[in-house]
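No value in this document is a laboratory result; all are computed from the given coordinates. Everything numeric here is computed off the predicted structure, so don't read it as measured data. No Cβ is skipped: glycine too gets one built from the backbone with ideal geometry, and neighbour counts run over all protein chains shown.
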């Protein structure tokens, strides 16, 4: 007998997964007002990912077209156009 369950996920913080696809992008991130050293403020190569968790996650990309985000489990489109500098804020 197969059992089916329904699961509801409740996020208590913003969980932001950033991945770079189709080129390179410089990324800067702050979590709850604190700059993320080592993981941000550098160029991410095609295929690299990073995860940021906090009540407020601020992502700035130097190449918005190749910067993609999953926010609290929901995929989003790229942040913008090729070569465009875009900043987005994700909150919980």
Item to check | Check on residue 22, touching a helix residue (DSSP H, G or I) at 6+ places or on another chain (Cβ under 9 Å) and either surrounded by fewer than 15 Cβ atoms within 10 Å (Cβ to Cβ) or part of a strand (DSSP E or B) (or both) | outcome: yes
Checklist entry - residue 34: out of contact with any helix residue (DSSP H, G or I) (no Cβ under 6 Å at 6 or more places or on another chain) and touching a residue at least 40 places away in the same chain (Cβ under 8 Å), yes or no? => result no
Checklist entry - Given (1) under 13 Å from the mean Cα position of the chain (by Cα); (2) part of a strand (DSSP E or B), where does residue 43 come up short, assuming only one miss? => result (1)
